[in-house]
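Worksheet: one structure, shown below.
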Amino acid sequence: MSALVDLRGLEKVYTTRTGDVHALSDVDLQIEEGEFLAIVGPSGCGKTTLLKILAGLEEHSRGSAAIGGHPIAAGNGDVGMVFQKATLLPWRDILSNVLLPLSLRRRPTAADRQKALDLLRMTGLDEFSGKRPHELSGGMQQRAAICRALVHDPSLLLMDEPFGALDAMTRDILNVEVNRIWRETGTTAVLITHSISEAVFLAERVIVMSPRPGRIVDEIEIPFGKERRLDLLGEPDFAALTSRIRSHFEVSHA
Ligand SMILES: Nc1ncnc2c1ncn2[C@@H]1O[C@H](COP(=O)(O)OP(=O)(O)OP(=O)(O)O)[C@@H](O)[C@H]1O
Ligand SMILES: [Mg+2]
């Protein structure tokens, strides 16, 4: 069976007023259907660029990029994206924020509303469907953003540092929730994170990228099965994997 996502020899060069910026170099990456992949790498190495290419929001310069055997095209609509900030529309209530990706295409049906309400229940927000974003905490807004990204059953869920702005405890709780949502929906997930332990906790495979131009320098299989629980964070195997990944970012003082 071929991979859901297939990137080959991918390059990205941004042309700017002050010269070219080589953001990605020779990225070869296959992501299997249903897989949970995390990407870590130093700031500015091209992670968001990679996610935008997957979402069809940015064109690549060379190489090939396909999802489900088809070249990625702008607005092919089969991805859901969660950004660092929840980016909910302040004047809409939570339910209509979650329904937004569908309402941009058509009038939401009763089944769509049910699907949105199911997602809100899955993330513990069912009592808040009629509230405005400012009436929710940051973690709750981020959960609503995840519901919004999933409402149209995307084949690929893309998350760019979704919990970077949250405190460590809320982040742990949401990580457990993301793991459950991923298992229950069977979606394919790609997570960018600056937290190595978040990457190891959630992913089945972690990709490490080099400084710009970003290329893949290591790939680590995470053999902890699909269900992840917080006590994993204290396991020696967990620490061994995080320190292997961290070794890529240690500054040499030689
Ligand atoms: N629209 C753009 N035009 C020109 N250059 C860009 C554009 N977007 C990103 N870049 C450049 O491409 C490089 C990679 O940026 P990108 O946002 O992908 O990095 P990142 O790995 O997501 O960083 P961070 O971890 O800080 O979010 C950077 O040098 C950035 O300045
Ligand atoms: Mg980024």
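Among the GluC sites (Glu not before Pro) within the stretch 1-86, which fall in a DSSP loop and have no more than 13 other Cβ atoms within 10 Å of their own Cβ? Here the GluC sites (Glu not before Pro) that fit, given the DSSP loop and packing criteria, are 59.
Of the chymotrypsin sites (Phe, Trp or Tyr not before Pro) found in the stretch 14-102, those in coil by DSSP whose Cβ has at most 14 other Cβ atoms within 10 Å are 91. Partners of residue 115 within straight-line reach, counting aspartates and glutamates whose Cα lies under 20 Å from its Cα and excluding those fewer than 8 residues away in the same chain: 78, 93, 126, 127, 153, 177, 184.
Calculation over all alpha carbon pairs of the stretch 1-43 in 5 angstrom steps from 0 returns a P(r) of 6, 17, 18, 22, 17, 10, 6, 3, 1 percent.
Note on the stretch 149-254: with charges restricted to the Cβ of Lys and Arg (+1) and Asp and Glu (-1), its dipole about the Cα centre is near 200 debye. Within the same chain, lysines fewer than 8 places from residue 52 are excluded, and of the rest, those with a Cα less than 24 Å from its Cα are 12, 85.
Positive contributions from Lys and Arg (+1) and negative ones from Asp and Glu (-1), summed over other residues with Cβ under 14 Å from the Cβ of residue 25, come out at +2. With the helix formula -39500 (n - 2.57) applied to DSSP H stretches of n ≥ 4, the chain reaches a computed 222 nm mean residue ellipticity of -9000 deg cm²/dmol. Compute the whole-percent fraction of alpha carbon pairs in the stretch 138-227 spaced more than 15 Å apart. When every Cα pair of the stretch 138-227 is considered, 61 percent fall beyond 15 Å. Other residues whose C-beta falls under 12 angstrom from the C-beta of residue 153 contribute a net charge of -2, scoring Lys and Arg +1 and Asp and Glu -1.
Calculated accessible area for the chain comes out at 49 Å² per residue, all protein chains present (probe 1.4 Å; ligands, DNA, RNA ignored). For the listed peptides 65-71, 137-143, a ranking on the average number of other beta carbons within 10 Å per residue, highest first, reads 137-143, 65-71.
For the stretch 233-239, putting each phi into the Karplus relation 6.51 cos²θ - 1.76 cosθ + 1.60 with θ = phi - 60° gives couplings of 4, x, 6, x, 4, 5, 5 Hz, in residue order, rounded to whole numbers and with x for Gly and Pro. Heavy-atom surface analysis with a 1.4 Å probe gives the stretch 1-155 a carbon and sulfur content of 50 percent of its accessible area. For the peptides 206-219, 232-245, the ranking by mean Cβ contacts within 10 Å, running from highest to lowest, is 206-219, 232-245. Here, the stretch 89-150 has an Rg and a Dmax of 10.4, 30 Å when only alpha carbons are counted. When Rg is the radius of gyration of the Cα atoms in the chain and Rh is its Kirkwood radius, what does Rg/Rh come to? Rg divided by Rh gives 0.97.
The values are calculated or read from the model by the stated rules, or taken from the named source; none is laboratory data. All values derive from a computational prediction rather than experimental measurement. So basically every Cβ, Gly included, is an ideal-geometry build from the backbone, and we count neighbours across all protein chains shown. Heavy atoms of the whole protein, side chains included, go into the accessibility calculation; ligands, DNA and RNA do not. Shrake-Rupley method; radii C 1.70, N 1.55, O 1.52, S 1.80 Å.
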